[in-house]
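This report refers to the structure that appears directly beneath it.
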Amino acid sequence: MTQKLAGTIAILIIIAIALPMIIRTVIWRRFLKYMKEDKNEQALKILNSSYYRLLFGSYSQKWNLLRYYISRNDTDQVKRRTTTLLTEKFDPNESYQLFSNAFFYFMTIKDKEMCTKLINRMDDIADSEQKEYFHMLYRVMIEEKSQDIKAVTKLIEKKEREKESNSKTSQLGMLQYLLGIQYHYKGNDKEAEKWLRKALNNVKGSPLEKEIKKIIH
């Protein structure tokens with residue numbers, strides 16, 4: 001093999017490796033641009049396309065479609081897709097990502113049927129600490145019990161000590177809501193309003209915002 005031919009082959013290999021990465025980057029940036037501009041039809045067209053599935057994989061397509069509809073609070077689509085996903089097999093990490101996010105969504109809108117299905121699935125894939133957390137959420141949000149005030153207070157204190165991150169605000173808001181709603185169940189309006197108002201500042205734009213405004217005015 002001549003040096004020129006070897007160089008040509010090396011270049012072709014580099015192109016073959018780099019080209020799909022470049023195309024994926026272009027497609028993803030275009031999708032994010034459409035999302036930012038609220039061009040839902042164009043964004044969904046990308047996610048539903050066969051070329052997206054080919055370049056990013058079947059799981060990525062299913063995950064991002066679910067995430068898209070959750071971000072748009074499209075309950076009918078989230079329920080339809082989650083119901084289908086529950087019949088499919090995924091590896092543990094994929095399952096956790098899909099079903100934990102779906103669980104949080106249905107929990108915030110208090111859909112008992114979907115939460116029950118999801119928590120049963122989560123019991124098969126989550127570790128013991130994660131299971132307890134999800135069951136605590138189920139007790140508070142779905143069964144409307146108030147036995148976890150101390151546990152949630154400790155979680156809030158722990159979360160407040162964490163370094164700032166993109167998810168800290170929303171997670172803290174969820175915990176504050178969980179604490180406030182338990183005081184609401186117990187009829188302690190003063191503590192309920194205190195924590196629900198704190199939560200309101202951290203969950204703007206989520207389904208929890210509407211739930212909080214139903215209680216405090």
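The criterion of at least 2 residues that are aromatic (Phe, Trp, Tyr) is met by the following helices (runs of 4 or more DSSP H) wholly inside the stretch 106-194: 128-137, 168-186.
Quick one: would you say ARG53 is free of Cβ contacts under 8 Å to residues at least 24 places away in the same chain, of a type in the set (Lys, Arg), surrounded by 15 or more Cβ atoms within 10 Å (Cβ to Cβ) and within 21 Å of SER95 (Cβ to Cβ)? It is true that ARG53 is free of Cβ contacts under 8 Å to residues at least 24 places away in the same chain, of a type in the set (Lys, Arg), surrounded by 15 or more Cβ atoms within 10 Å (Cβ to Cβ) and within 21 Å of SER95 (Cβ to Cβ). Within the stretch 82-98, the set of residues being farther than 14 Å from ASP111 by Cβ and of a type outside the set (A, V, I, L, M) comprises THR84, THR87, GLU88, LYS89, PHE90, ASP91, PRO92, ASN93, GLU94, SER95, TYR96, GLN97. Being of a type in the set (Phe, Trp, Tyr), modelled with pLDDT of 90 or more and surrounded by 15 or more Cβ atoms within 10 Å (Cβ to Cβ) is a condition met by no residue of the stretch 26-44. Filtering PHE99, PHE106 for residues that are out of contact with any Phe, Trp or Tyr (no Cβ under 7 Å at 6 or more places or on another chain), crowded, with 18+ Cβ neighbours inside 10 Å and farther than 22 Å from LYS210 by Cβ leaves a single hit, PHE99. In the stretch 175-188, the qualifying residues are those that are out of contact with any helix residue (DSSP H, G or I) (no Cβ under 7 Å at 6 or more places or on another chain) and either surrounded by 13 or more Cβ atoms within 10 Å (Cβ to Cβ) or of a type in the set (A, V, I, L, M, F, W, C) (or both), and the one that is farthest from MET136 (Cα to Cα) is ASN188.
What number of residues within the stretch 116-138 are surrounded by 17 or more Cβ atoms within 10 Å (Cβ to Cβ) and more than 23 Å from SER60 (Cα to Cα)? Total satisfying the criteria: 4.
The values are calculated or read from the model by the stated rules, or taken from the named source; none is laboratory data. From a predicted model like this one, the values you see are computed outputs, not experimental measurements. With ideal geometry, Cβ positions are generated from the backbone for all residues, glycine too; neighbour counts draw on all protein chains shown.
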